[in-house]
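Below is one structure; the comments refer to it alone.
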């Protein structure tokens, strides 16, 4: 379903050509002839017709799509919230809020196990930690790789928490699946379609981070890529977008939380660590996320941030994290939800 | 205090010229000679030296300012929170949260009085309403002008709530001061320096909206303009910034709330109505504001939004607003604050 | 003319209410009932109906406006290019390109006269120079005021070049008109509607800078404000927009040049000095402007940039400017235009 | 080399800890004690020290890096322009400008051969065409895959033009290398590090598109990834960035052309088709690119844009393209360069 706006000076012949083209595709057509513009309504599923082609026909000013481009990810396709278990907790559905925490990178066996225990005690439900790290510089620490995955699995043994970790290339999806419980798609890879295909096929739960400059609609289209492989366990993760403001590392698009929940049935997770980039502001952003309706939060925690090999500047110490969980729980209850022990 | 980074190929003569210039201004100078770059530290108040001039000297790569450009607005100048009364309530200081509400525009005597009563009953402390309206189109409703101010004053009579209303040009400051209690500087006028001067001189409390594309630092510099006239009653209002995301009218920079409170002692108010632009998302954004530490919120309320002459799309009906105040109160208490009756 | 898209679940009653409302305004209505959405076309001048009100009616998903919101500024209103004289040269119309040059600020009598002579010799047609300066900091140099205007007038005497200078508040329009030939509206004041009104009434030629975060459409709406006062001598000036990129002071939206010329009949001027903010890149941006179809360029020139009281970092020395005029002339001729002596 | 700015209230102990840490890394340290701040200069290669760690130490306000994070890509590493042959033409070095043209997607054998011949006749030197297409929607045409590569190779046979085509995943690099001459990294994959590694290893010339929201510095860091594999044949391609302006598909950052050439020795190519997204504005943007100093341009050409399976809206017809090459050639000559036949 789309609307074609013809230029003021479009000829009858041009209008007829647009109508004929739409009818060739089997669509029904409605014509509204105004003094200043003629409008042609094309009734049918415009996911199969190429809007660009119509827009390029002579006499056409522009084409307005009426339907959202995503389907499986939309509330219209599925009205009730999608929920699924992550370890002993359930994400989505308006009750419990899932807390994910851990270091940016796995740096050693002892570091990840120490952090995991501290996070678990503070109230976390899922352990995060990067083994393969996307780094701006080729000269920076790139993660421990498979060794890091092994330590994550050990930390799971010790704490019982499921593991979420980033996978950066299709060829590594099987390896990461051997160790992890949840696959994370990083912001830089949101539109890495080969990777979306691979994690879709894996049938593992996916935490899909929003790209730094991606529209909410594009983010949902990437979820659609995963869903179209029959993998319905997708979480949307808002982690801040890039704007002109540089005081914080990113601008946390808090609006995206209620908007994503309005447009989609998928659970929405907030990442206040990346969304602010400075530990001083993480607590405020985390509390705001819960108040705004997030189904989960993911927070970077490091026992000694000043020694962290990446993202130390935005990591909380375990004590600060523990205090934050208590505050988030109070807010969760104030909005009729909870953070379960 | 600033740091001058010399180009790798800068000559001794060029370095000496920079040093001589700084010393002419009475500054102390420190030199660090590295293999790849020479760095010259200039110790003194760089608010009186022109950074641009130094940057333009031969051999200079760039100049890094060390101190913030604002002074009176900074936490360093004044460590404790600024507080001041708005009617019977106090803004700032970490306890009560002030709720401002009312229609976008004053449309008639009965409309503003009806709305004021409803807002008051729902828990508002301050009445908002525009008499002079900045409109994108010269053909759109431009506000009722002085007549609107009179109706606002009547609504204050009826409800006891102080009035906040926008003033758009220096020449109208005296007129607006005759009727209003708080002067609002709109986002489009944040850097209208003649207007900042006039409201600074007025000594009335000012609600300073952040410009659509202004850095937090620039926003504080505009507060500095007002403070420099001896007017210390300035509230900073975050109302959303312009980004690439168009699903919402603006992107609510929730990070700006804790950042502004960190950098400045001034009270911070959130405007979830403009920050989202769609009534469906106002409640989530308002709740997030309280959780993030805002000292006040300002919300558009209209008894019949579908008849509003401006901003109907983002206005709440009184019942929805009343429900929201209850929710915000619960969150305020969860973070150790309150919304007083 | 607008299109109302009803939600999938909208009732007959809701659809009828929208239709009734449109008909009350005297509009003709077309209905397209699709399986997934109903669309209501409203035929008539939607500049008089409030889109927001329709959007807020029950059952409405969104409203798509069909016509541009500006009229007098549009190519549809006036197909041929607007042209008018600036001193001995004509701006607009596809032939000569007007070169405006001069310092950011008037700093002294000798500085402006020296610069004016150098600019004239290098090939400039109009002299720029600020007497009232919008500065981010209240502690920075704010311009010489009326004294500066007098020196500008003297420089005109000496060189014969007309003067363009910024006016920052409505109350000063008469004073500035006493001395200047062209009024400049700065980027920060693009939406200062009281000021647009005042310069509209003045009937002086206006150079309207695009706001730092303004859409092309909003920029044209501000031109519309001026045009609606019967002042048809408006030049649109692209001076860079604010984006995430910080290496340059602004991002030069070169696309805006052909777009503005496509949508409007008004002359378009480029400001490569502000658009880059660094003198090293001004020449490249200036040459690109001419190649992209600008009708004029405005360039900051200072005899000793390292002593400039503002914008020294982006000012060219007279020799560099002279060389640039020669290069721009070659490009102008390559695209079938010229820069006259 | 970096500068550590200590907070006003930092203790001697905190300052000493920072100094001790830097000295542990073998760096030399300079201390500047000011009344308002203490500054510690750390002299040494800060590519090996983690700035984040220092920033997180107690008492530290912020850390300012002095050196650029890229090395192999920088002008400091290599002062003269990098040049290399693409077929019979050379890119880089300030003389000839290379013209790349062809359809967005390969759609059929006849389409690509017909287009290639038309482009060649119009003056193109390199043939572009996508066989693997990154598409926002999983339901859209995803390219012809290997079949498309074969047709591209046939078109090369016919015209003698080398082929540039996008590769989207590391596993497909060998396949694409079998057919193509130049590998394109698309904007969405700019930070797909596994892919950068693979094309680096391939030793094929690479056209590296700038990410939609990437800083110029990040773009150069991605070039650094490729260069660090010993592959020196990298072209930087500016294709527009995402901003708040939506009238055009992207905002063409024309400033990025002289900036990239200033910071780096690598050739810079402009993509006016994506940078505008509308065929009406492609010619203006292409001409501006040449005037601003681009070493090459890449332009989408389709014989029947209204039938194109992707990007028809921004494709030029062969006649328009031929006319544009003539205009670009005139501008190239005006700036002392040429477009060779």
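Read-outs: derived from the displayed coordinates by stated rules, not from any lab. All values reported here derive from a predicted model rather than from experimental measurement. Backbone-built Cβ (ideal geometry, glycine too); neighbour counts: all protein chains shown.
What share of the DSSP beta bridges in chain C is antiparallel, in percent to the nearest 5? Bridges in chain C are about 45 percent antiparallel. Taking the longest Cα principal axis of chain B as reference, the axis of helix B:216-227 is set at about 80 degrees.
The angle between the Cα long axis of helix B:193-202 and the longest principal axis of the Cα atoms of chain B comes to about 60 degrees, rounded to the nearest 10. Taken as Cα centroids, segment C:264-341 and segment D:116-185 sit 39 Å apart, rounded to the nearest whole angstrom. Percent of C-alpha pairs per 5 Å bin in segment A:246-287, short distances first: 5, 24, 28, 19, 14, 7, 2. Out of every Cα-Cα pair in segment B:33-138, what percent are more than 18 Å apart? That fraction is 71 percent. Between identical copies, the spacing of residue C:145 label points, each set 7 Å from Cα toward the C-beta atom, reads 3.1, 7.1, 7.6 nm from nearest to farthest.
Using the Cβ-Cβ distance between residue B:147 and residue D:8 with R0 set to 35 Å, the FRET efficiency from 1/(1 + (r/R0)^6) comes to roughly 0.10.
For segment D:233-341, the Kirkwood hydrodynamic radius from C-alpha pairs, put into Stokes-Einstein at 4 °C and a viscosity of 1.567 mPa s, yields a diffusion coefficient of 91 µm² per second. Distance between the C-alpha centers of segment C:72-98 and segment D:203-231? Whole Å please. One Cα centre to the other: 43 Å.
Hey, got the average number of other protein chain Cβ atoms within 10 angstrom for residues in D:272-281?
3
Take each residue in B:212-225, count the other chain C-beta atoms within 10 Å of its C-beta, and the mean is 4. Using every pair of separate Cα atoms, the Kirkwood estimate puts the hydrodynamic radius of segment D:121-217 at 14.0 angstrom. Comparing A:40, A:91, A:113 in a Gaussian network model of chain A where C-alpha atoms under 10 Å apart are linked, the largest mean-square fluctuation is found at A:40. Ordering B:237, D:177 by the number of other Cβ atoms within 10 Å of each residue's own Cβ, fewest first, gives D:177, B:237. In chain B, the beta-carbon sitting nearest the axis that superposes B on C belongs to the residue given here with its distance in angstrom, B:213, 2.
Label position 7 Å from Cα toward Cβ: report the copy-to-copy distances for residue A:175 in nm, one decimal, ordered from shortest. Ordered by distance, the counterparts are at 2.2, 7.1, 7.2 nm. Shown for B:316, D:208: other C-beta atoms within 10 Å of each C-beta, ranked fewest to most, produce the order B:316, D:208. Compute log10 of I(q)/I(0) for segment B:196-255 with the Debye formula, placing one identical point scatterer on every Cα and leaving out solvent, at q = 0.13, 0.14, 0.16, 0.25 Å⁻¹, to two decimals. Debye curve over Cα of segment B:196-255, log10 I(q)/I(0) at q = 0.13, 0.14, 0.16, 0.25 Å⁻¹: -0.37, -0.43, -0.53, -0.94.
Between the beta carbons of residue D:319 and residue A:23, assuming R0 = 45 Å, the FRET efficiency works out to 0.90 to the nearest 0.05.
Given Cα pairs under 8 Å that are at least 6 residues apart, what percent is the relative contact order of segment B:216-261?
Values: 27 pairs, mean separation 13.1, N = 46.
Averaging sequence separation for qualifying contacts and normalising by length gives 29 percent for segment B:216-261.
Panel values: segment B:2-65, Kirkwood radius from alpha carbon pairs, Stokes-Einstein at 20 °C and 1.002 mPa s, translational diffusion coefficient 188 µm²/s. Taking other C-beta atoms within 10 Å as the exposure proxy, B:35, B:323, A:209, B:150 rank B:35, B:323, B:150, A:209 from fewest upward. According to the Kirkwood relation over distinct C-alpha pairs, the hydrodynamic radius of chain D is 21.5 Å. The Kirkwood radius of segment A:153-264, taken over pairs of alpha-carbon atoms, gives through the Stokes-Einstein law at 37 °C and 0.692 mPa s a diffusion coefficient of 224 µm² s⁻¹.
The share of Cα pairs per 20 Å bin across the protein assembly as shown, counted from zero up to the longest distance, runs 10, 39, 42, 10, 0 percent. Comparing A:14, A:319, A:238 in a Gaussian network model of chain A (Cα springs below 10 Å), the most mobile by mean-square fluctuation is A:14.
Please list A:213-224, B:303-314 highest first by mean number of surrounding beta-carbon atoms within 10 Å per residue. Before the final figure, lay out each step's value.
Details: A:213-224: 23.2, B:303-314: 21.5.
Result, highest mean first: A:213-224, B:303-314.
Every other copy gets compared here: list the nm distances from the residue A:7 label point (7 Å along Cα to Cβ) to its counterparts, shortest first, one decimal. Those label-point separations list as 3.9, 4.9, 6.3 nm. Entry note, segment D:259-341: relative contact order of 27 percent, from Cα contacts under 8 Å with a spacing of 6+ residues. Based on C-alpha pairs under 8 angstrom that are at least 6 apart in sequence, chain C has a relative contact order of 16 percent.
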